[in-house]
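The values are calculated or read from the model by the stated rules, or taken from the named source; none is laboratory data. Every value quoted in this text rests on a predicted model; they were computed, and no experiment measured them. Cβ placement follows ideal geometry from the backbone for every residue including glycine, while neighbour counts extend to all protein chains displayed. The area values use the complete protein model at the heavy-atom level, side chains included, leaving out ligands, DNA and RNA. Shrake-Rupley method; radii C 1.70, N 1.55, O 1.52, S 1.80 Å.
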Amino acid sequence: MRTFVALMRGINVGSARKLPMADLRALCLALGMERPQTYIQSGNLIVDAEGGADDVRSLLEKGLTAQAGFAVDVIVREAAGWERYVAADPFAGNAEVPAKMVHLYLSRDAVDPGAADILARRAQSGERVRLAGGALWIDYGAAGVHGSKLSPSLIDKACGSPTTGRNRNTVLKIREMIAARS
């Protein structure tokens, strides 16, 4: 078995699409996965499973649809490669950039090479967009995510497949969780 990071998109936002993390962990065990761990309520999962990332994604998406009653896009990466994202953060090392304003976006498929340029043209003052380490990074600046015109649908379209984002604090916590599993 290998260890994977699975990120659920758009769950536990508002009053719809509720998915308790205890239910997610139980589902993983029922699907034959091992050692499921979650972090906060936004669908961050670390799990051991057979097969590759696409196998884990397919299994989780089908299981979540059956259990929750709605479709959930799941982005899966091997945990062994997570450090690559942390190291590639183009906004790291700048104390003036709050970690909660910097987001890593992972897409289901490879990010379109022109995604950062497309989004940068739509960015507002203070927002920065970079492609680094095979992922999209957005520094939302002082306006934050909620004040941005870089909507999830626009990010998906620019990247070429469904995406989900996590702020730098979450990216670093996932790294800690992976390290603690060893």
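Looking at A135, A142, A120, A116, which is the one that is at pLDDT 95 or above and open to solvent by 40 Å² or more (accessible area, probe 1.4 Å)?
Numbers: A135 fails: open to solvent by 40 Å² or more (accessible area, probe 1.4 Å); A142 fails: at pLDDT 95 or above; A116 fails: open to solvent by 40 Å² or more (accessible area, probe 1.4 Å).
Of the residues listed, the single one that is at pLDDT 95 or above and open to solvent by 40 Å² or more (accessible area, probe 1.4 Å) is A120.
Residues that are loosely packed, with under 14 Cβ neighbours inside 10 Å and out of contact with any Lys or Arg (no Cβ under 7 Å at 6 or more places or on another chain) were ranked within segment 63-74; the one that is farthest from D48 (Cα to Cα) is G69.
Starting from residues that are open to solvent by 60 Å² or more (accessible area, probe 1.4 Å) and assigned to a loop (DSSP other than H, G, I, E, B), keep the ones in segment 21-54 and report whichever is nearest to A179 (Cα to Cα). Among those that are open to solvent by 60 Å² or more (accessible area, probe 1.4 Å) and assigned to a loop (DSSP other than H, G, I, E, B), it is I40. In segment 87-113, the qualifying residues are those that are of a type in the set (G, A, S) and open to solvent by 20 Å² or more (accessible area, probe 1.4 Å), and the one that is farthest from T163 (Cα to Cα) is A95.
Could you please find all residues in segment 55-77 being assigned to a helix (DSSP H, G or I) and either touching a His at 6+ places or on another chain (Cβ under 9 Å) or touching a residue at least 12 places away in the same chain (Cβ under 8 Å) (or both)?
V56, R57, L59, L60, E61, G63, L64, Q67, A68
The single residue among S125, S148 that is of a type outside the set (A, V, I, L, M) and out of contact with any strand residue (DSSP E or B) (no Cβ under 9 Å at 6 or more places or on another chain) turns out to be S125. Among the residues of segment 148-161, the ones that are surrounded by fewer than 18 Cβ atoms within 10 Å (Cβ to Cβ) and within 18 Å of G134 (Cβ to Cβ) come to 2 in all.
Can you tell me which residue among R84, R77, R57 is among the basic types (K, R) and surrounded by fewer than 18 Cβ atoms within 10 Å (Cβ to Cβ)? Result of the check over R84, R77, R57: R84. Among the residues of segment 162-182, how many are exposed (fewer than 15 other Cβ atoms within 10 Å of the Cβ) and touching a strand residue (DSSP E or B) at 6+ places or on another chain (Cβ under 7 Å)? Here the count works out to 1. Scan segment 76-98 and give yes if some residue there is of a type in the set (S, T, N, Q) and out of contact with any helix residue (DSSP H, G or I) (no Cβ under 7 Å at 6 or more places or on another chain), otherwise no. Checked against the condition, which is being of a type in the set (S, T, N, Q) and out of contact with any helix residue (DSSP H, G or I) (no Cβ under 7 Å at 6 or more places or on another chain), segment 76-98 yields at least one hit. For segment 153-182, what are the residues that are of a type outside the set (D, E, K, R), part of a helix (DSSP H, G or I) and without any contact (Cβ under 8 Å) to a residue 24 or more places away in the chain? The answer is S153, A179, A180.
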